[in-house]
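Working notes, beginning with the structure itself.
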């Protein structure tokens with residue numbers, strides 16, 4: 001699939017989709033809680049479908065409506081009778097690998113695209129230390145069988161916070177206390193804060209010792225509840241940048257006091273001289289003469305592609321640093337966004353752990369590709385606003401992974417798309 005976008009300024013009001021990160025966590029937590037839970041304000045993107053289907057495989061009943069899910073659990077999981085297809089969802093895979101300890105038989109994870117080879121080494125290290133069986137041949141499928149033991153877990157903090165989250169789901173259910181000790185400084189602290197917050201809402205307590213170690217009591221129980229998912233700052237970032245490089249946009253549905261790491265977009269935009277105003281649950285942005293800055297990607301990697309678009313259209317030089325982890329996402333995002341924006345006339349230099357961007361007033365246009373990455377596809381669509389000629393994005397269906405209504409909302413704000 002491809003879309004052709006005729007450059008136009010976007011203006012108006014948009015409501016952002018719910019946080020994908022919180023949605024994953026809430027669905028899994030509810031599946032571990034005996035009884036009925038209701039999760040509302042959901043969008044069943046491909047990633048969220050993958051997590052729902054995985055919990056179905058564990059014997060959990062999930063009744064979905066258009067924007068919510070009733071989740072029924074016996075408080076225990078069954079061994080999946082078939083492989084768990086995580087599609088391209090890294091959260092689904094990495095959160096659920098430790099669930100081997102909650103079932104009695106081996107089970108299999110599978111997936112597609114770049115997920116098949118995304119790193120799982122922190123788990124393999126734990127499995128070797130605890131004599132847990134696994135089979136993995138340089139890529140999915142992964143077979144796992146065995147029981148995690150309570151105790152001390154040493155894990156790197158600079159590969160992915162998803163491994164820490166996966167352990168936080170299961171260690172509270174073991175018959176004794178555990179601790180997770182980080183052997184390197186933690187990147188993406190916001191995601192661990194989200195995990196601890198969601199677990200707390202389902203009655204699981206984790207003591208955070210300054211993000212250096214986490215103390216986890218054993219024999220805890222998940223309790224069912226109702227939970228509404230707040231808006232997603234990583235998706236709001238696209239419309240924030242659209243307003244800054246185009247016209248006035250009001251973005252609704254956000255928790256202004258959110259602990260999402262991607263809410264850092266607000267402070268970054270202010271540093272870049274962007275006109276941004278916060279009121280109640282809305283953000284207002286206006287066309288701005290933004291300036292370059294230095295952006296540390298370590299705590300907000302998901303918003304780096306769209307911030308690269310903003311930097312490419314800002315006055316002066318922007319440096320993005322501590323961004324090496326973007327190379328192991330759905331695509332090598334540093335290479336992808338550099339390659340495609342440069343095709344549109346941007347001036348970006350790729351470095352091993354970041355980018356150097358020299359801003360221009362306008363871009364040219366042309367044919368670009370999403371690299372089968374939802375965030376690259378949406379970033380390129382926003383870049384079209386300030387292009388001289390039309391922009392054609394191939395493999396644009398990648399947006400379905402997280403934001404299937406993106407192009408619909410793009411049109412609602414005045415965008416002109418020819419599919």
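The values are calculated or read from the model by the stated rules, or taken from the named source; none is laboratory data. Since the structure is predicted, the reported quantities are computational estimates derived from the model, not experimental observations. Heads up, the Cβs are rebuilt from the backbone with ideal geometry, glycines too, and the neighbour counts pull from every protein chain shown.
Within the range 208-215, the presence of a residue that is more than 16 Å from the chain's Cα centre (by Cα), in the same structural domain as residue 293 (by TED's automatic domain parsing) and either over 30 Å from residue 98 (Cα atoms) or surrounded by fewer than 23 Cβ atoms within 10 Å (Cβ to Cβ) (or both) is excluded.
Restricting to the range 103-130, what's the tally of residues that are in contact with a strand residue (DSSP E or B) (Cβ under 6 Å, 6 or more places away or on another chain) and closer than 29 Å to residue 401 by Cα?
Taking the range 103-130 and keeping what is in contact with a strand residue (DSSP E or B) (Cβ under 6 Å, 6 or more places away or on another chain), we get 106, 108-110, 122, 127.
Now restrict to residues that are closer than 29 Å to residue 401 by Cα: 106, 108-110, 122.
The qualifying residues number 5.
Checking each residue of the range 225-233 against the condition of being closer than 27 Å to residue 67 by Cα, in a helix (DSSP H, G or I) and within 23 Å of the chain's Cα centre (by Cα) gives at least one match. Residues in the range 182-195 that are in contact with a strand residue (DSSP E or B) (Cβ under 7 Å, 6 or more places away or on another chain) and either surrounded by fewer than 19 Cβ atoms within 10 Å (Cβ to Cβ) or part of a loop (DSSP other than H, G, I, E, B) (or both): 183 only.
Are any residues in the range 282-302 without any contact (Cβ under 8 Å) to a residue 40 or more places away in the chain and either assigned to a loop (DSSP other than H, G, I, E, B) or not assigned by TED's automatic domain parsing to the domain that holds residue 334 (or both), and if so, which ones? If the condition is that a residue be without any contact (Cβ under 8 Å) to a residue 40 or more places away in the chain and either assigned to a loop (DSSP other than H, G, I, E, B) or not assigned by TED's automatic domain parsing to the domain that holds residue 334 (or both), then 289, 293 are the ones that fit.
Could you tell me whether the range 389-411 includes any residue that is assigned by TED's automatic domain parsing to the domain that holds residue 318, within 25 Å of residue 329 (Cβ to Cβ) and over 25 Å from the mean Cα position of the chain (by Cα)?
First, pick out the residues of the range 389-411 that are assigned by TED's automatic domain parsing to the domain that holds residue 318: 389-411.
From what's left, within 25 Å of residue 329 (Cβ to Cβ): 391-410.
Remaining after also requiring over 25 Å from the mean Cα position of the chain (by Cα): 391-392.
Among the residues of the range 389-411, at least one is assigned by TED's automatic domain parsing to the domain that holds residue 318, within 25 Å of residue 329 (Cβ to Cβ) and over 25 Å from the mean Cα position of the chain (by Cα), which makes the answer yes.
Are any residues in the range 256-281 surrounded by 15 or more Cβ atoms within 10 Å (Cβ to Cβ), outside any loop (DSSP other than H, G, I, E, B) and within 24 Å of the chain's Cα centre (by Cα), and if so, which ones? Listed by number, the residues that qualify are 261, 262, 263, 264, 265, 266, 268, 269, 276.
In this structure, is residue 358 under 20 Å from residue 113 (Cβ atoms) and either surrounded by fewer than 18 Cβ atoms within 10 Å (Cβ to Cβ) or out of contact with any strand residue (DSSP E or B) (no Cβ under 7 Å at 6 or more places or on another chain) (or both)? Taking the combined requirement at face value, the residue does not satisfy it. In the set 5, 48, only one residue is in contact with a strand residue (DSSP E or B) (Cβ under 7 Å, 6 or more places away or on another chain) and either assigned to a strand (DSSP E or B) or at pLDDT 95 or above (or both); that residue is 5.
If you go through the range 203-221 and keep only what is touching a helix residue (DSSP H, G or I) at 6+ places or on another chain (Cβ under 6 Å) and either assigned to a loop (DSSP other than H, G, I, E, B) or modelled with pLDDT under 95 (or both), you end up with 204, 211, 220.
In the range 234-255, the residue that is farthest from residue 416 (Cα to Cα) out of those that are assigned to a strand (DSSP E or B) and either modelled with pLDDT under 95 or in contact with a helix residue (DSSP H, G or I) (Cβ under 6 Å, 6 or more places away or on another chain) (or both) is 251. Identify, from the list 139, 146, 166, 111, the residue that is under 20 Å from residue 329 (Cβ atoms) and in contact (Cβ under 8 Å) with a residue 40 or more places away in the chain. Of 139, 146, 166, 111, the one residue that is under 20 Å from residue 329 (Cβ atoms) and in contact (Cβ under 8 Å) with a residue 40 or more places away in the chain is 166. Can you find a residue in the range 26-36 that is within 23 Å of the chain's Cα centre (by Cα), farther than 24 Å from residue 113 by Cβ and part of a strand (DSSP E or B)? The answer is no; no qualifying residue exists. Taken over the range 56-66, residues that are touching a strand residue (DSSP E or B) at 6+ places or on another chain (Cβ under 6 Å) and surrounded by 17 or more Cβ atoms within 10 Å (Cβ to Cβ) amount to 3.
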